[in-house]
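The values are calculated or read from the model by the stated rules, or taken from the named source; none is laboratory data. Keep in mind that this is a model prediction, so the values were computed, not measured. With ideal geometry, Cβ positions are generated from the backbone for all residues, glycine too; neighbour counts draw on all protein chains shown.
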């Protein structure tokens, strides 16, 4: 078994449409840390789903739903830490406002 520490989602602005931010490829992936930073002057919400391969975003795979992040706040997503993605599974996210939230995620690939 090989474990590789990886930057799952390099720092980027979160879109205001549901978007797969990361798709596990040939390895199982453990999520270690996800941060969401609000760079605007007002609170902004976001949601996150862990979508199984071939599945669709929905209430059955919602992990974070409409979480408000205050102006200037960085939210460290404890709800995501320790979750496992199988090959083909995705981290899908959406922001309430475009170019307001910066996201980043790291984890481990296990092969």
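Within region 13-25, is even one residue touching a strand residue (DSSP E or B) at 6+ places or on another chain (Cβ under 6 Å), part of a strand (DSSP E or B) and farther than 20 Å from residue 69 by Cβ?
Checking region 13-25: at least one residue is touching a strand residue (DSSP E or B) at 6+ places or on another chain (Cβ under 6 Å), part of a strand (DSSP E or B) and farther than 20 Å from residue 69 by Cβ.
Name the pairs whose Cβ atoms lie under 9 Å apart, with the first residue in region 1-15 and closer than 21 Å to residue 74 by Cα, the second at pLDDT 95 or above and in a loop (DSSP other than H, G, I, E, B), and 6 or more positions between them or separate chains?
8/24; 13/39; 13/100; 14/100
Could you please tell me which pairs satisfy a Cβ distance under 6 Å, a separation of 6+ or placement on different chains, a first residue in region 24-51 that is free of Cβ contacts under 8 Å to residues at least 40 places away in the same chain, and a second residue that is surrounded by fewer than 15 Cβ atoms within 10 Å (Cβ to Cβ) and part of a strand (DSSP E or B)?
Between residues of region 24-51 that are free of Cβ contacts under 8 Å to residues at least 40 places away in the same chain and residues that are surrounded by fewer than 15 Cβ atoms within 10 Å (Cβ to Cβ) and part of a strand (DSSP E or B), the close pairs are 43/68.
Exactly one of (1) assigned to a loop (DSSP other than H, G, I, E, B); (2) farther than 21 Å from residue 58 by Cα; (3) modelled with pLDDT of 95 or more is unmet by residue 1. Its number?
(3)
Scan 26, 92 and give me the residue that is in contact with a helix residue (DSSP H, G or I) (Cβ under 9 Å, 6 or more places away or on another chain) and closer than 17 Å to residue 7 by Cα.
Just a single option satisfies the conditions, and that option is 92.
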